[in-house]
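The values are calculated or read from the model by the stated rules, or taken from the named source; none is laboratory data. Since the structure is predicted, the reported quantities are computational estimates derived from the model, not experimental observations. With ideal geometry, Cβ positions are generated from the backbone for all residues, glycine too; neighbour counts draw on all protein chains shown.
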Amino acid sequence: MNAAEPVRPAEPLSRQLDLLVRQVGHWTPPRWAAPGRSGGPARSDRVHRLVQFLADLGADAAGEPRRSVPRLENDLALPDQLRVVAADLVAVDPPEPVLAGAAAEVAATRQAL
């Protein structure tokens with residue numbers, strides 16, 4: 001009998017990220033421009049804020065200065081931008097609480113959309 005494989009620290013973040021990308025990956029520009037469930041900013045703005053949040057976590061974990069993530073003209077690029085900054089975060093191997101916080105923020109963004 002094989003013992004269960006331990007959960008990798010980045011697995012919850014990866015799972016939440018996959019759920020979010022599946023949720024928004026097919027959206028059209030009007031859907032990106034619409035406000036989230038509770039109103040407020042456009043969905044694209046919420047997701048870009050998440051992109052910036054993950055980029056900041058990655059910079060902090062790597063001991064690098066924070067940099068502004070450019071807001072691309074086409075909101076359809078946001079899922080790809082999100083995957084890139086999340087991969088950068090995981091690549092610097094931050095402590096598990098950082099990854100857990102990132103996963104929680106991705107989940108919160110999913111709920112807000």
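Tabulated values for the structure
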{"read-out": "The one condition in (1) within 16 Å of the chain's Cα centre (by Cα); (2) not in a helix (DSSP H, G or I) that H48 fails to fulfil", "value": "(2)"}
{"read-out": "Unmet criterion (only one of (1) at pLDDT 95 or above; (2) touching a Leu at 6+ places or on another chain (Cβ under 9 Å)) for D56", "value": "(2)"}
{"read-out": "Segment 66-104, subset of a type in the set (D, E) and in a helix (DSSP H, G or I), residue surrounded by the most Cβ atoms within 10 Å (Cβ to Cβ)", "value": "D75"}
{"read-out": "Unmet requirement for A42, which otherwise passes all of (1) more than 20 Å from P95 (Cβ to Cβ); (2) of a type outside the set (S, T, N, Q); (3) touching a residue at least 40 places away in the same chain (Cβ under 8 Å)", "value": "(3)"}
{"read-out": "Filter pass, R110 being touching a strand residue (DSSP E or B) at 6+ places or on another chain (Cβ under 7 Å) and over 21 Å from R8 (Cα atoms)", "value": "no"}
